[in-house]
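Participant: Questions regarding the structure given below will be posed in turn.
The values are calculated or read from the model by the stated rules, or taken from the named source; none is laboratory data. Just so we're clear, the structure is a prediction, and the values are computed from it rather than from any experiment. Here Cβ is always computed from backbone atoms with ideal geometry, including for glycine, and neighbour counts include all displayed protein chains. Each accessible area value is taken on the protein alone, full model and side chains, heavy atoms only, with ligands, DNA and RNA left out. Shrake-Rupley method; radii C 1.70, N 1.55, O 1.52, S 1.80 Å.
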Amino acid sequence: MEPETPAVQTAGKIMLVGIGPGSVDHMTARARAAIAEADVVIGYVTYIKLVADLVEGKEIIRKSMTEELDRAVSALEAARAGKKVALISSGDAGVYGMAGPTYEVLFQSGWTPDDPVQVEIIPGASALNSCAALVGAPLTHDFCAISLSDLLTPWPTIARRLDAVAMADFVVALYNPKSGRRTRQIVEAQRLFLRHRRPDTPVAIVKSAYRRRENIVFTTLDSMAEADIGMLSTVLIGNSNTFVRNGLMVTPRGYANKYDMQDGGSTREGERAGRSLSTGLLGWLETLAAEHAAGDSIETLAARHRLPADYIQATLDEPWEAAVAAPTEESEA
């Protein structure tokens with residue numbers, strides 16, 4: 001009788017699953033499939049509850065809010081033992097989720113993409129997307145996200161980011177805006193934004209989007225800190241063109257800069273469909289050169305256009321031919 005061949009243990013897999021805002025209806029098919037095929041499901045206790053109907057019969061590892069690294073370590077240990085692991089995050093695993101901490105733990109352990117333990121990131125709708133969908137179309141133009149949590153990020157770093165995006169007129173989504181112990185951060189954010197934005201700038205506060213206790217409040221920048229805000233809230237602050245009408249928050253894409261919306265959408269004088277605005281880069285360069293030639297100093301131009309003086313100088317020093325490209329049709333309006 002021949003001796004038995006020892007079983008070869010197959011390395012497992014870590015699936016970083018973004019489950020979306022919390023409603024099963026808004027979870028991707030791949031996210032559902034990943035949880036279904038997993039042997040082990042790991043996550044923050046609240047997130048486990050959101051997928052309770054999908055995890056019956058599986059090994060469940062529940063962790064608290066502040067145990068992100070422990071979740072990643074547990075996932076790696078289970079995968080090394082040959083198990084398929086669904087490490088879940090609300091929203092998207094790569095947006096303030098478990099993807100980053102997991103890669104940090106993996107790299108520290110010596111893992112590489114060639115390792116037998118494979119890693120798959122399964123994207124989901126982040127709070128920024130889901131909350132925007134509930135209030136209208138606030139993200140139609142440039143936007144960014146900033147977390148007000150200072151548990152791992154120094155406050156001066158957060159404050160500089162808030163000040164920069166407020167000045168640059170981004171629509172902003174504030175994550176982790178307030179908790180039982182962190183109550184002043186939202187007040188400081190408001191203070192910084194009011195340095196650059198009108199007090200009546202529209203703000204939408206969405207709590208528990210697509211969950212049982214969903215709540216939406218429309219307010220303004222000067223009043224937002226007085227609203228009911230918590231860790232399950234996302235705060236959407238509009239830009240200088242954002243408006244609220246009929247209960248919907250909308251940020252225009254900019255069509256009115258090129259087209260006369262009161263005249264059937266006809267192209268404004270000096271503009272061409274499919275080409276950059278007359279105030280786009282090339283048009284602005286012409287204006288800048290003319291202003292400088294007329295005697296305006298670099299400092300005056302920098303203040304007028306709210307741009308760094310060294311950038312203005314470098315732009316004027318650039319040979320004009322380098323800025324002019326052959327005319328081509330563009331895909332955008």
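Participant: Pulled fully out, how much extra length does the chain show between ASP296 and GLN262, if you take 0.36 nm times their separation in residues and subtract their Cα-Cα distance? Walk me through the numbers on the way to the answer.
Facilitator: Numbers: separation 34, 0.36 × 34 = 12.24 nm, distance 3.64 nm.
Extending this stretch completely gives an extra 8.6 nm.
Participant: Under the rule of at least 5 residues apart or a separate chain, name every residue whose amide H is placed under 5 Å from the amide H of ALA145.
Facilitator: Result for ALA145 returns ALA173.
Participant: Farthest toward the dipole's positive end in the chain, which of GLN190, LEU277, HIS305, given Cβ charges of +1 (Lys, Arg) and -1 (Asp, Glu) about the Cα centre?
Facilitator: Farthest along the dipole direction, towards plus: GLN190.
Participant: Tally Lys/Arg at +1 and Asp/Glu at -1 over every other residue whose Cβ is under 12 Å from the Cβ of MET98; what's the total?
Facilitator: Working: positive: LYS63, ARG71; negative: GLU67, GLU68, ASP70, ASP92, GLU104.
Once positives and negatives cancel, what remains is -3.
Participant: Quick one: in the range 96-161, what % of C-alpha pairs are over 17 Å apart?
Facilitator: Values: 1348 of 2145 pairs.
Result for the distance tail: 63 percent.
Participant: Charges at C-beta only: +1 for Lys and Arg, -1 for Asp and Glu. How large is the resulting dipole of the range 78-135 about its Cα centre, in Debye rounded to 20? Intermediate values should be presented prior to the final figure.
Facilitator: On the way: 3 positive and 5 negative charges, 44 e Å.
Magnitude of the dipole: close to 220 debye.
Participant: Here is a further query. In whole Hz and in residue order, list the ³J(HN,Hα) couplings for the range 209-218 that follow from phi through the Karplus curve 6.51 cos²θ - 1.76 cosθ + 1.60, θ = phi - 60°; x for Gly and Pro.
Facilitator: Result, rounded to whole Hz: 3, 6, 10, 4, 9, 4, 8, 10, 10, 9.
Participant: Something else now. By the scheme Lys and Arg +1, Asp and Glu -1, what is the net charge of all other residues having a beta-carbon under 15 Å from that of GLY136?
Facilitator: So the environment of GLY136 carries a net charge of +2.
Participant: Among 198-204, 71-77, what's the highest-first ranking by average C-beta atoms within 10 angstrom per residue? Please report the intermediate quantities before stating the final value.
Facilitator: Values: 198-204: 19.0, 71-77: 21.9.
Top of the packing list down: 71-77, 198-204.
Participant: So, in nm, how far is label ALA81 from label LEU134 when the simple model puts each one 7 Å beyond its Cα toward the Cβ?
Facilitator: That separation, rounded to one decimal, is 3.7 nm.
Participant: Quick one: accessible area per residue over the chain, 1.4 Å probe, rounded to a whole number of Å²? Don't skip to the answer; put the middle values down first.
Facilitator: Values: 18420 Å² over 333 residues.
The answer is 55 Å² per residue.
Participant: Let me ask something else about it. How many percent of the accessible area of the range 34-82 is carbon or sulfur, using a 1.4 Å probe?
Facilitator: On the way: 1170 of 2410 Å².
Answer for the range 34-82 is 49 percent, counting heavy atoms of protein chains only.
Participant: What list of whole percents do you get for P(r) of the range 200-245, with Cα-Cα distances grouped in 5 Å bins up to the one holding the largest distance?
Facilitator: The distribution over the range 200-245 is 5, 24, 31, 21, 14, 5, 1, given as percents.
Participant: Counting Lys and Arg as +1 and Asp and Glu as -1, what is the net charge of the other residues whose Cβ lies under 15 Å from the Cβ of SER74? Walk me through the intermediate numbers first.
Facilitator: Numbers: positive: LYS13, LYS58, ARG62, LYS63, ARG71, ARG80, LYS83, LYS84; negative: ASP39, GLU59, GLU67, GLU68, ASP70, GLU77, GLU104.
Result for the local shell: +1.
Participant: Report the full-extension gain for the segment LYS58 to ALA33: residue separation times 0.36 nm, less the Cα-Cα distance, to one decimal in nm. Mind showing how you got there, number by number?
Facilitator: Working: separation 25, 0.36 × 25 = 9.00 nm, distance 1.38 nm.
Full extension from LYS58 to ALA33 adds 7.6 nm.
Participant: With labels modelled as points extended 7 Å from the Cα through the Cβ direction, what inter-label distance (nm, one decimal) is found for THR287 paired with ASP200?
Facilitator: Placing both labels 7 Å beyond Cα along the Cβ direction yields 2.6 nm.
Participant: Another question, then. Relative to the longest principal axis of the chain, what angle (0 to 90°, nearest 10) does the C-alpha long axis of helix 185-194 take?
Facilitator: 20
Participant: What shape does the range 169-262 have by the C-alpha gyration tensor, where a ≥ b ≥ c are the square roots of the eigenvalues, rounded means a/c under 1.5, and otherwise prolate means a/b greater than b/c and oblate the rest? The partial results should precede the final answer.
Facilitator: Numbers: a/c = 2.61, a/b = 1.57, b/c = 1.67.
Verdict is oblate for the range 169-262.
Participant: Is there a quick way to get the dipole size of the chain? I mean about its Cα centre, with the Cβ of Lys and Arg at +1 and of Asp and Glu at -1; what is the value in debye to the nearest 20?
Facilitator: Computed about the Cα centre, the dipole is about 1440 debye.
Participant: If each DSSP helix of 4+ residues adds -39,500 (n - 2.57) and the sum is divided by the residues in the chain, what number results at 222 nm, nearest 500 deg cm²/dmol? Display every interim value, and only then the final one.
Facilitator: Working: 12 runs with 108 residues, N = 333.
The helix contribution divided over the chain gives -9000 deg cm²/dmol.
Participant: Ok, one more. Can you tell which of ILE158, GLY110, SER223 lies farthest toward the positive end of the dipole of the range 108-226, using +1 and -1 charges on the Cβ of basic and acidic side chains (Lys, Arg; Asp, Glu)?
Facilitator: SER223
Participant: Can you give the extra length, in nm with one decimal, that the chain gains between GLU120 and THR46 once fully stretched, where that is 0.36 nm per residue apart less the Cα-Cα distance?
Facilitator: Extending this stretch completely gives an extra 24.4 nm.
Participant: Label ASP317 and HIS305 with points 7 Å out from Cα along Cα→Cβ: what is the distance between them in nm?
Facilitator: Label-label distance for ASP317 and HIS305, simple model: 1.5 nm.
Participant: Calculate how steeply helix 99-108 sits against the longest principal axis of the alpha-carbon atoms of the chain, using the helix alpha-carbon long axis, and give the answer as 0 to 90 degrees to the nearest 10.
Facilitator: The answer is roughly 60 degrees.
Participant: Measure out, as a whole number of angstrom, how far apart the alpha-carbon centroids of the range 11-40 and the range 193-224 sit.
Facilitator: Distance between centres, Cα-based: 31 Å.
Participant: State whether the range 63-106 is rounded, prolate or oblate according to the following rule on the C-alpha gyration tensor (a ≥ b ≥ c being the square roots of its eigenvalues): a/c under 1.5 gives rounded; otherwise a/b larger than b/c gives prolate, and the remaining case gives oblate.
Facilitator: Working: a/c = 1.74, a/b = 1.58, b/c = 1.10.
It comes out prolate by the Cα gyration axes.
Participant: Of the cross-linked pairs LYS13/LYS207; LYS83/LYS178; LYS84/LYS207; LYS84/LYS178; LYS63/LYS83, which ones have a Cα-Cα span greater than 29 Å in the structure shown? Kindly include the intermediate steps, with their values, before the conclusion.
Facilitator: Working: LYS13/LYS207 34 Å; LYS83/LYS178 37 Å; LYS84/LYS207 33 Å; LYS84/LYS178 35 Å; LYS63/LYS83 19 Å.
Table pairs above 29 Å Cα-Cα are LYS13/LYS207; LYS83/LYS178; LYS84/LYS207; LYS84/LYS178.
Participant: How fast does the range 1-148 diffuse by Stokes-Einstein, in µm²/s, taking the Kirkwood radius from C-alpha pairs at 37 °C and 0.692 mPa s?
Facilitator: On the way: Rh = 16.2 Å.
The Stokes-Einstein estimate is 202 µm²/s.
Participant: Separate question: Please compute the volume of the convex hull spanned by the alpha-carbon atoms of the chain and report it per residue in Å³.
Facilitator: So the per-residue Cα hull volume is 225 Å³.
Participant: Based on the alpha carbons, how large is the Rg to Rh ratio for the range 21-108 when Rh follows Kirkwood? Let's see the in-between values first.
Facilitator: Details: Rg = 12.1 Å, Rh = 13.0 Å.
Rounded to two decimals, Rg over Rh is 0.93.
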